[in-house]
Amino acid sequence: MRVVSGIQPTGNLHLGNYLGAIRNWVRMQDELEGGSECLFFLADLHAISMPHDPAELRRATLEMAAALVACGIDPDRSILFNQAQVPAHAELQWLLNGTARMGWLNRMTQFKDKSGKNREGASAALFTYPVLQAADVLLYQTTHVPVGEDQKQHLELARDIAQKFNNDFASEAAPVFTLPDPITPPDAVRIMSLRDGTAKMSKSDPSEMSRINLTDDADTIMKKVKKAKTDAEPLPSEAAGLGGRPEAYNLVSIYGALAGRSVDAVLAEFGGQGFGTFKPALGELMVEVIAPITERFRALLEDHEALDAILAKGAAKARERGAPTLTATYEALGLVRG
Ligand code: TYM
């Protein structure tokens, strides 16, 4: 089993990242059997697909490394690195650009969402972003990719690219790439904005009130939960009663994800009660989960050199793990390399 996943080092790690992906990374790392390996990386190359400030990217990369370690990623057991230190990611992307089809990329909803009305002004990197994501995964013969629901489409594209490349340039007996499987959390949490139950919680939302950051202190968390958008109805006693109430559904499913309980189990406890009771309970549960992470995060951030060393060590290992597949790709394409 080889587990690979990435996160963009833009803005803070928020509750959506944590419940949708990072918590699963930690679980997979902790349950891994001998001979299997996890690689987790900061997708700094992806981050330049949107307008960015270089100093901010540098800072955010170290912060995100600290945040991942604070959440439980153990750099002695998992390979933790940033893409920019492993040039094979960018190289393989170029090689795969020959296989990816324009039509496939045109169907990617993230490009549509992020380019918005300004398609012509979007960067070419934003358009070819999913090919880099395919390279990230295919470089390591990855079998499992723990991601949130929103990244599933990109993973399907990675499979399509791998399959077409294998068909076009390799024999059935000796494929160049392994087809990766996306692993989404069993409770299928898609954490939505606290201001709008139909938009995902995201680093790029201009409103700080829309998300819970893993660096928020207890007061801020309680305030954000109290101000979260809801409706005037009390909670129903079964999940079916949340139909057409996206904000209520979101808060209940966040509670469930944090407590490790189903939506029905949460409603069995809170059904019939109003948000005046439910919100403080949710806020307290959030603080209980987040406070220890924040504490570790702050301590780790004090030692930049230690964080640099973690990333350098991880990158050296990643370069080693990726080298054979990169060589095999060049060879399959008939490219001559001294
Ligand atoms: P990114 O940085 O947007 O998010 C990191 C992880 O968090 C998950 N996530 C969510 N899950 C549930 N609810 C939400 N509101 C929410 N917001 C984010 C994402 O699904 C993701 O798993 N393109 C990727 C980074 C990437 C990558 C890769 C991932 C680059 N290469 C290769 C896997 C494999 C991204 O921007 O994730």
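The values are calculated or read from the model by the stated rules, or taken from the named source; none is laboratory data. The structure presented is a predicted model; accordingly, all values stated were derived computationally and were not measured. Counting neighbours? That spans all protein chains shown, and the Cβs are built from the backbone with ideal geometry, glycine included. Accessible surface areas use protein heavy atoms only, side chains included; no ligands, DNA or RNA. Shrake-Rupley method; radii C 1.70, N 1.55, O 1.52, S 1.80 Å.
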* Asked: When DSSP beta bridges are limited to those with both residues in the chain, what percentage is antiparallel, rounded to the nearest 5?
  -> 20 percent
* Report the FRET efficiency, 1/(1 + (r/R0)^6), for Trp94 and Ala232, where r is their Cβ-Cβ distance and R0 is 45 Å, rounded to 0.05. => 0.25
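Could you pull out the GluC sites (Glu not before Pro) across region 79-178 that fall in loop regions by DSSP (anything but H, G, I, E, B) with no more than 12 other Cβ atoms inside 10 Å?
Taking region 79-178 and a limit of 12 other Cβ atoms within 10 Å, the loop GluC sites (Glu not before Pro) found are Glu172.
Step through the table entries Lys226/Lys313; Lys114/Lys226; Lys224/Lys313; Lys203/Lys279; Lys200/Lys313, compare each Cα-Cα distance with 32 Å, and write down the pairs that go over it.
Lys226/Lys313; Lys224/Lys313; Lys200/Lys313
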* Asked: So which trypsin sites (Lys or Arg not before Pro) in region 40-91 end up in coil per DSSP with only 14 or fewer other C-beta atoms within 10 Å?
  -> Arg77
* Asked: Among the GluC sites (Glu not before Pro) within region 14-69, which fall in a DSSP loop and have no more than 13 other Cβ atoms within 10 Å of their own Cβ?
  -> Glu33
* **Accessible area of the chain belonging to carbon and sulfur atoms, whole % at 1.4 Å probe** => 52 percent
* Structure fact -> Given a 1.4 Å probe, the accessible area of the chain per residue, as a whole number of Å², is 46 Å²
* Structure fact -> Here the averaged projected area of region 166-217, based on the convex hull of its alpha-carbon atoms and given in nm², is 7.1 nm²
* Within the P(r) computed for region 208-299, what percentage of the Cα pairs occupies the region above 19 Å? -> 38 percent
* Structure fact -> Taking only protein heavy atoms and a 1.4 Å probe, the highest-to-lowest accessible-area order of Trp94, Trp104, Trp25 is Trp94, Trp104, Trp25
* **Label-point separation, Asn118 to Leu32 (7 Å along Cα→Cβ), nm** => 3.9 nm
* Please report, to two decimal places, log10 I(q)/I(0) for the chain at q = 0.10, 0.11, 0.13 Å⁻¹ as given by the Debye formula with identical point scatterers on the Cα atoms and no solvent. => -0.63, -0.75, -1.02
* **Alpha-carbon centroids, region 35-66 and region 217-281: separation in whole Å** => 33 Å
